Structures are given as C-alpha cells and as structure tokens.
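Worksheet: the structure to be examined is printed underneath.
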Amino acid sequence: MNTSDADTISAVSTGDDASLQQLLVMAKVNAAYARLEKVAAEKFGDPRSVLAYPRARDHYAVMARNIDSAPETVNGEVATIGQGLGSIQLRKVGSQWKVDRARHVGLDASSASANEMAAAMASAYNDVADGIASAKLSSADEAKAVLMGRTQQAVLSFTTSPIPQPAATRPASLPAK
C-alpha cells in the first residue's frame with residue numbers, strides 16, 4: 001500500500017476483483033501522497049508546509065509502523081491486527097494469512113465513482129509534486145494553494161448533489177400585492 005505495488009497487493013490479499021481494483025486505487029493515492037510528502041520535505045524542509053493535514057491514524061504508512069506492537073485477535077479463519085480504524089483484517093487462505101479486501105474497502109453502488117475521485121486525488125498529489133520538483137511551484141504557500149484547489153476540484157467533480165438555486169417565482173403561499 002505504501003509503494004502502490006499491484007503485484008504485491010494482489011499476492012498478500014484475498015477477495016474479489018472489484019475489491020482488488022478499489023484497493024489498488026487507494027494504493028495509488030497513498031503512493032502519490034507519500035511522494036508529495038517527500039518532495040515537499042526535500043524542497044521546503046517540511047511536508048506539512050504543503051499539506052493541509054497530517055496522515056490519519058488509519059493511514060497505511062502509520063499502520064505499518066505500528067503493526068509489530070499492535071494487539072492480535074484470532075477467531076478461527078479470521079484475524080485482526082490492531083484496533084478500530086487502524087486495524088488490519090486478515091483471512092486464512094490455505095496455510096497463509098492474507099489481508100481480507102472485503103473488510104478493508106467499502107464497495108457499494110458508488111465505488112466506480114469513488115475510484116475515479118481517488119484517481120483524481122492521486123493525480124493532484126503527483127501534479128503538485130511535479131510542480132515542486134520542477135520549481136514551477138516555488139514556495140510552499142503556492143504549492144499548498146494549488147494542491148487545495150486541485151483536491152477540491154477532484155472532490156467537487158464527483159459530487160452528485162446539485163447546488164440549490166433560488167426560486168425563480170414567488171411561492172404560491174405568498175399573497176399577491
């Protein structure tokens with residue numbers, strides 16, 4: 001998940017093709033975010049100068065750092081490492097424990113749209129990292145502004161709720177003058 005290695009993700013996990021595709025998109029976002037952090041740290045000294053918020057405790061990089069000290073629970077053919085949002089769900093397949101994709105991804109009717117939005121987020125992170133690396137974005141403030149605009153654009157392009165518009169006519173319940 002931290003390097004977006006599709007072959008490894010497929011080999012260490014189990015589930016259907018739709019859950020694999022969703023996990024691979026999430027991995028691309030993760031890798032793009034990690035790249036942006038690295039480029040921002042190299043150029044500006046601190047990745048937080050470009051990013052609006054730090055990684056959440058359920059982020060794969062945070063989970064990987066804590067996995068060796070996390071509590072383990074095994075119940076037959078399923079297991080959990082960690083607790084709450086930062087936990088990793090496993091399923092025994094033959095003699096191997098594999099990440100249970102069905103318990104890590106939220107597949108529903110909007111999963112294709114969610115995958116497209118995640119891909120747009122990954123593109124935004126990579127584009128800003130490219131801009132920083134090429135010196136097209138010369139300051140942390142400029143990079144942060146571009147990043148915020150690109151990520152907002154990604155989210156809004158997949159929002160299905162229409163923006164309310166004022167009524168063109170008077171409601172029938174108002175008295176006529």
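Pairs please, first residue from the range 83-112 and closer than 21 Å to Asn66 by Cβ, second anywhere and modelled with pLDDT under 75 and exposed (fewer than 11 other Cβ atoms within 10 Å of the Cβ), Cβ atoms under 8 Å, 6+ apart in sequence or on different chains.
Going by the 8 Å Cβ cut-off, the qualifying pairs are Leu85/Ala56.
Being out of contact with any helix residue (DSSP H, G or I) (no Cβ under 9 Å at 6 or more places or on another chain), modelled with pLDDT under 90 and hydrophobic (A, V, I, L, M, F, W, C): is that true of Ala168 here?
yes
Is there any pair with a first residue in the range 16-45 that is at negative phi and in a helix (DSSP H, G or I) and a second that is open to solvent by less than 50 Å² (accessible area, probe 1.4 Å) and basic (Lys, Arg) whose Cβ atoms are under 6 Å apart and which are 6 or more apart or on different chains, and what are they?
Here the result reads Ser19/Arg101; Leu23/Arg101, each pair linking the range 16-45 to a residue that is open to solvent by less than 50 Å² (accessible area, probe 1.4 Å) and basic (Lys, Arg).
I'm checking my understanding of the structure. Among residues of the range 7-17 that are open to solvent by 50 Å² or more (accessible area, probe 1.4 Å) and small (Gly, Ala, Ser), which one is nearest to Ser95 (Cα to Cα)?
In this case the residue turns out to be Ala11.
Go through the residues of the range 62-80 one by one and say whether even a single one is open to solvent by 50 Å² or more (accessible area, probe 1.4 Å), in contact with a helix residue (DSSP H, G or I) (Cβ under 9 Å, 6 or more places away or on another chain) and at pLDDT below 85.
Among the residues of the range 62-80, at least one is open to solvent by 50 Å² or more (accessible area, probe 1.4 Å), in contact with a helix residue (DSSP H, G or I) (Cβ under 9 Å, 6 or more places away or on another chain) and at pLDDT below 85, which makes the answer yes.
Of all residues in the range 124-143, how many are open to solvent by 50 Å² or more (accessible area, probe 1.4 Å) and hydroxyl-bearing (Ser, Thr, Tyr)?
Residues flagged as open to solvent by 50 Å² or more (accessible area, probe 1.4 Å) and hydroxyl-bearing (Ser, Thr, Tyr) within the range 124-143 amount to 2.
Take Ser111 and decide whether it is surrounded by fewer than 11 Cβ atoms within 10 Å (Cβ to Cβ), at pLDDT below 70 and either over 16 Å from the mean Cα position of the chain (by Cα) or not aromatic (Phe, Trp, Tyr) (or both).
So Ser111 does not fit the description; no.
Just name the residue that is modelled with the lowest pLDDT out of those in the range 30-44 that are surrounded by fewer than 21 Cβ atoms within 10 Å (Cβ to Cβ) and aliphatic (A, V, I, L, M).
Result: Ala31.
Tell me yes or no: at least one residue of the range 21-28 is farther than 24 Å from Val93 by Cα and either open to solvent by less than 50 Å² (accessible area, probe 1.4 Å) or at pLDDT 85 or above (or both).
yes
The values are calculated or read from the model by the stated rules, or taken from the named source; none is laboratory data. Model, not experiment: these values are computed from the prediction. Please note: Cβ atoms are built from the backbone with ideal geometry, for glycine as well, and neighbour counts cover all protein chains shown. Each accessible area value is taken on the protein alone, full model and side chains, heavy atoms only, with ligands, DNA and RNA left out. Shrake-Rupley method; radii C 1.70, N 1.55, O 1.52, S 1.80 Å.
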